[in-house]
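What follows is a single structure, written as structure tokens, with notes after it.
The values are calculated or read from the model by the stated rules, or taken from the named source; none is laboratory data. Please read these numbers as outputs of a predicted model, since none were measured by experiment. Positions of Cβ are backbone-derived with ideal geometry, glycine not excepted, and every protein chain shown enters the neighbour counts. Each accessible area value is taken on the protein alone, full model and side chains, heavy atoms only, with ligands, DNA and RNA left out. Shrake-Rupley method; radii C 1.70, N 1.55, O 1.52, S 1.80 Å.
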Amino acid sequence: MTAFRLPHGGLIDRSRPLSFSFDGKSMTGFAGDTLASALLANGRILVGRSFKYHRPRGILTAGSAEPNALVTVNTGGRTEPNTLATMQELHEGLRAASQNRWPSLAFDIGALNGLLSPFLGAGFYYKTFMWPAAFWEKLYEPLIRRAAGLGRASHDADPDDYEKCWAHCDLLVIGAGATGLAAALTAGRAGARVIVVDEHPVAGGGLLSETAIIGTQAAADFAASCATELQSMPNVRLLTRTTVFAWYDGNVFGAVERVQKHVGFPAPNLPVERLWRIAAKQALLATGAEERPLVFGGNDIPGVMMAGAMRRYLNCHGVAPGHRVAIFTTNDSGYGLARDLEAAGIVPQAIIDSRRDAIPDSYSGSARVVSGAVVSDACGRKSLSSISVLQNGKSEELKVDALAMSGGFSPVIHLACHRGGKPQWSDEHAAFLAPSSQKGLALAGAADGTAGLQACLEAGVSKAAALLGSLGFTAKPQALGPVEGDIAAGPAKPLWTIPGIREKAFVDFQNDVHRKDITLATREGYGHVELAKRYTTTGMATDQGKLSNVNAIGLLAEERGVSPADVGTTTFRPFYSPVSFGALAGATHGKHFMPARMSPLHEWAKKNGAEFVEAGLWYRSAWFARDGESGWRESVDREALNVRKNAGLCDVSTLGKIEITGADAAEFINRVYCNAFLKLPVGKARYGLMLREDGFIFDDGTTSRLEENRYFMTTTTAAAIATMNHLEFCAQVLWPGLDVRLASVTDQWAQMAVAGPKSRAILQQIIDDDISNDAFPYLAARDVSLFGGQVHGRLFRISFSGELAFELAVLADFGEATADALMQAGDTHGIQPYGVEALSVLRIEKGHVTHSEINGTAVPADLGFGRMASSAKADFIGKHMLSRDGLSARDRLQLVGVMPLDTTAYFRSGAHILAKDADATLENDQGHVTSSCYSPHTGSHIGLALVKGGSARHGEEILIWNALHGEYVPGRLCDPVFVDPANSRLSM
Amino acid sequence: MASLVPCPHCGLRPKEEFTIKGAALPRPSPDAGADAWLDHVYLRDNPRGALDEFWHHTSGCRRWLIVSRDTFSHEISACRDAADPAKERS
Ligand SMILES: [Zn+2]
């Protein structure tokens, strides 16, 4: 038994000792301990160093508002910095380490910052930002970052799993203290779907610190039997270890469940955290109230603790806070603690009450009460040794090793303010209350300013009954109680400014903002609450000012001589407490970050040696390396040359494919393309250009008329999804009167381009129909039969390469077998697979555009499609904006070819085009290279470019300039068609 | 982070399933004139309060909807299939 662990009492399991370590030192606690209670039981008072001044800090609270006791737990990929010792459950083998100290917690060089404190006061960051930038970057920022800090994240990958889920309920009860349990029981018994959430491992909230009797049970036993009943109801879900961190639109609440943060070895079949999105018809905030610290000198010295926290450690964990204890209170909360301490054999040295003659009748203890007095200063270095008590102008020193403080209570209303509602100051409650009458959300109990167990139980029952009534349930409210032995801490006059302070009196413990910083902010003109926050950084730490904000507002109000109502609050935003990136990411990380789309020909490509490249979600074959090839360029050159010499097979399954049917399909297609489609005959394909309503090109592709009222449209791979959405918009919103049906069939068809002079001879071997030039001319598009009628396919005589070429589509499941058959049939003809790199070389050689040129700023005329936009059509998407003057200006960026003067020279896409003798400046920019490659057929690098007035500048010498790589390549603009400008090879 | 959209075809669905196009404005007639088209393509009100928008239930029924929502409170007051009022218009 340690010096601070009481011989009996508490909710810990003394039969289950747990060993753990803190800063390498082995210690022992019990099941049911938090890391904080176990440290206290081991007499470990000093647990951290403060952010800015590196002051020694201890444990201040017993919950999620803790500003001081931030530690790093675990090691390697499971390292969790900034873990609250007050929330971390103890488990066997837990390894925890203090933060923000060097070289050790006891001897911390950073504490010298305390000597520099005149320079580190409020406005420090504001002012240093105004110093010369070079000083800031090179000197101050690295220095401050090293000195002021929290824990360090691990560079190792997190080995654990996280998941996300949705839940729906009639009533969400947030907080399972007296109020929440009463509300959940009422709702559960009425048959409503209820979710009850509590951030602690055990339901009960404040009941777990209570010594009162409810009905015939001790408070903690009452909580346990409530929880048991709730868990037995099939319509109720009780989520412990779960924090509701936000209230969102549609009455959706975000919550994070720490499924396995309390175990040493997480089970691999469970996530460590689970992110819940809870859609609730009604929600009840039973989040209780946060006890406010008091702002006296040295209020951060280890040994000073919130009164409620001290009571929690005493009653729940069987831990004595010290041997000589004093209590400084502004309300009755201190007396409940005094009574319980006395019951444990620790008579407080004094209860210092800021009120006069206010000892509650319910307190009959023997502690000395100093009325109308304050603690002006606490003294001690690494732990508390004495306090100065100021009464009637006289100061008295008391030797103590623990001091409890209570400055009243602030209802925990954060969630109620997440959707724009502003907190309202109540003089009656001496606190900010939640904005009233918000749809879907109500508050009850201490969160609503109610004091006392009996009142909270009643509020939980009646509020739940009322909310259920609004949902059509009939609840039969059953009274809980009666409560005996409760010292209810009702509202009391707040004590913002404490007289006689000599030492630093902290307002925001985590960001080291003290009393004088608030004064300075007001004096320097930053007294507005939003300015004071940023000037002093109060409330801006990871605890988001849960303890400090109201005190800061109270002090600002007194500085300015106004009410806290006039100061107001800063905005409450999600998250209530920090949420791990792991929980937010859920399963979407690593390989699961996004889905991988595989073409039906993926396996075919793989076995033919494809190297894959990611294109959006797709994996496309980039090239097919062969033994002995020294690099990708060699493979690509070979593939491109072979297409123009023999034949190649390329997987084009990733193109978007849309089937369009209906009596008005022709009219529909005619309206969405800028060129004419009405008269496209059955059995023919046509290139189509789609514009946006502003006249710029949206996408291109081919559309084939397979039957009178059946069309097959292809889109680019990149714009497949956007085009489908756009067509649906046109069909459903713009022209719902047209009889047209759309179906995305991208995944249904395996599509392969067979290109090159031998392509027909190869295809004819597997296609039953006659595909001779007469029977199947350029732009023919028809259903075909394959393998003696075994497989049905669609054949399109279209060409991206400029060669005699076909695209053959078969149902996805037949793709690989068909491609295999083509490779076999083409073997004697020299067929080779080719990838998107060679495809790109072939299309650049022919001056065919892709989204490199269709870049959102090009209109049809810019790319040489000027005559395609049909002036004969009364309407098509983009027609009406296309006639704007600027879109036909002569100096627009227009498509042009570009070649280097020296055929061995290299240039890359993105390079700027400059006039031949112009200085290399952006002012002289004439355009840029959009696509480039080595062209094995011209024996030179070639490119496509968008150049000012480019179509009229063929032959002009220019400079290709890449400032990023320092490259200057003399070149010449030319026709963008580098190979077979007469297109004679298409119709072989 | 979260909110729910009452799709008339699918019921309450999370907003992540939807794609938003913008204000639900009727397309001008082909002969409406340059000013009307410029206005339609480029000019938008930015109201604080009620606004009708085109939302596409992209990961659901794939219907385009008109969502009436409050840009300040984010409250959705109505959600209907866009084809219904479009049919009424034409
Ligand atoms: Zn839907």
Is one or more of the residues making up segment A:346-364 assigned to a loop (DSSP other than H, G, I, E, B), modelled with pLDDT of 95 or more and either under 42 Å from the mean Cα position of the chain (by Cα) or outside the structural domain of A:Asp508 (by TED's automatic domain parsing) (or both)? no
Scanning segment A:281-300 for residues that are within 14 Å of chain B (Cβ to nearest Cβ) and open to solvent by 10 Å² or more (accessible area, probe 1.4 Å) gives A:Lys281
What is the number of the single condition among (1) in contact (Cβ under 8 Å) with a residue 24 or more places away in the chain; (2) outside any loop (DSSP other than H, G, I, E, B); (3) open to solvent by 20 Å² or more (accessible area, probe 1.4 Å) that A:Ile913 does not meet? (3)
Collect the residues in segment B:54-76 that are β-branched (Val, Ile, Thr), surrounded by 15 or more Cβ atoms within 10 Å (Cβ to Cβ) and either more than 16 Å from the ligand (Cβ to nearest atom) or facing chain A (nearest Cβ under 9 Å) (or both), keeping them in residue-number order. B:Thr58, B:Ile66, B:Ile76
Would you point out which residue out of B:Arg44, B:Arg27 is in contact with a Leu (Cβ under 9 Å, 6 or more places away or on another chain), more than 16 Å from the ligand (Cβ to nearest atom) and facing another protein chain (nearest Cβ under 9 Å)? B:Arg27
So is A:Ser64 surrounded by fewer than 19 Cβ atoms within 10 Å (Cβ to Cβ), of a type in the set (Ser, Thr, Tyr), in a strand (DSSP E or B) and not assigned by TED's automatic domain parsing to the domain that holds A:Asp401 or not? no
Hey, among the residues in segment B:5-24 that are open to solvent by less than 40 Å² (accessible area, probe 1.4 Å), without any contact (Cβ under 8 Å) to a residue 60 or more places away in the chain and in contact with a strand residue (DSSP E or B) (Cβ under 7 Å, 6 or more places away or on another chain), which one's nearest to the ligand (Cβ to nearest atom)? B:Phe18
Give the residue that is farthest from B:Ala83 (Cα to Cα), with candidates limited to residues of segment B:32-41 that are more than 8 Å from chain A (Cβ to nearest Cβ) and of a type outside the set (Gly, Ala, Ser). B:Asp35
Residue ID - farthest from A:His848 (Cα to Cα), chosen from residues in segment A:861-877 that are within 14 Å of another protein chain (Cβ to nearest Cβ), among the hydrophobic types (A, V, I, L, M, F, W, C) and surrounded by fewer than 19 Cβ atoms within 10 Å (Cβ to Cβ): A:Ala874
Can you tell me which residues in segment A:885-910 are open to solvent by less than 70 Å² (accessible area, probe 1.4 Å) and farther than 23 Å from A:Ser940 by Cβ? A:Gly886, A:Leu887, A:Ala889, A:Arg892, A:Leu893
Conditions (1) out of contact with any Leu (no Cβ under 8 Å at 6 or more places or on another chain); (2) farther than 27 Å from A:Asp249 by Cβ -> A:Ser470 fails only (2)
Has segment A:675-682 got at least one residue that is without any contact (Cβ under 8 Å) to a residue 24 or more places away in the chain and in contact with a helix residue (DSSP H, G or I) (Cβ under 7 Å, 6 or more places away or on another chain)? yes
Restricting to segment B:44-90, name every residue that is under 15 Å from B:Glu17 (Cα atoms) and either among the aromatic types (Phe, Trp, Tyr) or at pLDDT below 95 (or both). B:Phe54, B:Trp55, B:Trp64
State yes or no: is A:Ala187 away from chain B (no Cβ under 14 Å), surrounded by 24 or more Cβ atoms within 10 Å (Cβ to Cβ) and touching a strand residue (DSSP E or B) at 6+ places or on another chain (Cβ under 7 Å)? yes
Just checking, which of A:Thr243, A:Thr228 is hydroxyl-bearing (Ser, Thr, Tyr), in a strand (DSSP E or B) and away from every other protein chain (no Cβ under 14 Å)? A:Thr243
Among the candidates A:Ala505, A:Ala488, A:Ala451, residue that is surrounded by 22 or more Cβ atoms within 10 Å (Cβ to Cβ) and either in the same structural domain as A:Ile359 (by TED's automatic domain parsing) or within 30 Å of A:Asp300 (Cβ to Cβ) (or both): A:Ala505
Specify which of the listed residues (A:Thr746, A:Thr714) is away from every other protein chain (no Cβ under 13 Å), part of a strand (DSSP E or B), farther than 20 Å from A:Ser870 by Cα and open to solvent by 10 Å² or more (accessible area, probe 1.4 Å). A:Thr714
Could you tell me how many of the residues in segment A:246-260 are farther than 15 Å from A:Asp198 by Cα and more than 7 Å from chain B (Cβ to nearest Cβ)? 3
